[in-house]
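Taking it in order: structure first as structure tokens, then the write-up.
Only the coordinates and a few stated rules stand behind these numbers; no lab work does. Being a predicted model, the structure only gives us computed values, none of them experimental. Cβ: placed from backbone, ideal geometry, glycine included. Neighbour counts: every protein chain shown.
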Amino acid sequence: MMPWVGLGLLLLVGAGVVTTGLPAAVILLVAATIGAGVGAASGEVPVDLLAAVPGRVINILDNDLVQAIPLYVLMGALINRLPLADALFRGSLALLPRSPAAPVVSGIALGALLGPMNGSVGASVIALSRVVAPRLAAFGIPLPRRAAVIAVASTLGVVVPPSLVLILLGDAMLSAHTIAVTTTGRAEQVINTEDVFHGALVPAGIYLVACLLIAWWFNRRAPKTANAIIGPLAPRQAILALFALLAILTLLGGVAAGYFYAVEAAAMGGFTLLVAGFASGRLPLPVLNELLRDVLALTGTLFFLLIAATTLTLVLRVLGTDALVAGWIAAISGGKLKVVALVLGGIWLSALVLDAFELIFVVVPIVIPPLLIRVDDAVWVAVLVLLVVQTSFLDPFIGYSLMMTRAVLRESIGFLAVLRSLLPFLLAQWALLIVVLLVPQLVHIGQTDAARSREPAGISSQELDRRMQEMLAPPPDSPNDSGAPAK
């Protein structure tokens, strides 16, 4: 009975997110409290179960990848304050042939460059709406097409390393794979975030090229207005654009190639942007104070969501919901392709009511460990989950990127008109997902040398221990102080 209570909690979370308007973290904590109360009242879950929560939270916050979150949020806030996006956009227009498609192609390229640095899709939407939208309007690009371009460009940072979504998904996959390897006893290297970065490179490159081609093809004959005349790029702007481009490519390339850790790249990027802001006079003390308040608010929101999701997943594990889901996945007949497709379908359905972070924090820890018990290609599974998460941002009905774009543009946009403009990008996204599903080798191109350069064990025994403490719930009758399972 208790495992089904956990499923009811998940349905409650989905209904609460859609209908109440409350912060997702509050809904997750309410669901966790209800689950713990029902379990305690039934006598199957002891009240002292909650003693395991602080240990699990400390284990998570001790992870350096999670510590990179505020640095990425800081970078996104600084990019929005400094004229980097404008300089890069104007530089791209100066390099491309004069064509009505030039600003659209430049907007897509700008989203791919700044998305990973912005730290979130919302920050990318704000930056692109401020810089790209007015120029698209000046070139006579219709409003629905402008909204589609901004929404799509803002999601490119999801799949381009080292995006915040990619980092958090890589960390969640490491924990899930640790459980799968420990459960099965397979002698294989546990996946890490760098593996996910490498696996996402080729699919991300394919999707970026497809988006650039779509942007060019559907806008190559767009009407050109008198307001679309772009003056020559000033020397100062050219230098700023070149510096920004080299710095971004160095950081992104360094992380993707394994030369920098994500937290190191975030620290270098944040420090460089701060110095540039101080040197240019764009960050006086009042502006800096306001910027840091925004960074702390958004960081606190993400950490609150992480803690709430961790609490709920602990309750679900003690109720036995994870075992119930694992049994369902184990009972699926057929090969790994069918199993992966069905689980991805479940994740996609969850994405109709949950955003990317909620999916990573709540759904992935429940469904991915049993999936990896049956499917031994963790990198392939991680990239497929990443692509499903990206499609959730562009869901025509409740996709976060599309909804926020419509809100930021502050203009009435018909649903069907936006859908028509968005459809070519959606078709490219779905086609890529199907290709990666059918051709797992795509995610392993160029990974052999990177894998050989790491230690054979993949992660240390201490890290393996910590992951097990973090993910496995303690027995209901004997939780210890650290939140690790009693032996």
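What the table below lists for this structure:
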| item | result |
| --- | --- |
| Listed residue (Ile360, Leu419, Leu384) projecting farthest to the positive dipole end of region 50-471, Cβ model | Leu419 |
| Within the chain: Cβ-based charge dipole about Cα centre, in debye rounded to nearest 20 (Lys, Arg +1; Asp, Glu -1) | 2120 |
| Spin-label pair Thr184/Val439, simplified geometry with 7 Å Cα→Cβ offset, distance in nm | 2.5 |
| Among Val149, Leu273, Pro103 the positive-end extreme of the charge dipole of the chain (Cβ point charges) | Pro103 |
| For Cα extents along the principal axes in Å, calculated from these coordinates, the label among (i) 83, 48, 42; (ii) 70, 54, 44; (iii) 74, 48, 46 | (iii) |
| Residue order, fewest to most beta carbons within 10 Å, for Asp62, Asp195 | Asp62, Asp195 |
| Relative packing of 331-340, 22-31, which averages over residues the other C-beta atoms within 10 Å, highest first | 22-31, 331-340 |
| Inter-label distance, nm, simple model (7 Å from Cα along the C-beta direction), Ala238/Ala431 | 3.8 |
| Among 370-377, 168-175, the order from most to least packed when residues are scored by Cβ within 10 Å on average | 168-175, 370-377 |
| Ordering of 282-289, 384-391 by burial proxy (mean other Cβ atoms within 10 Å per residue, highest first) | 384-391, 282-289 |
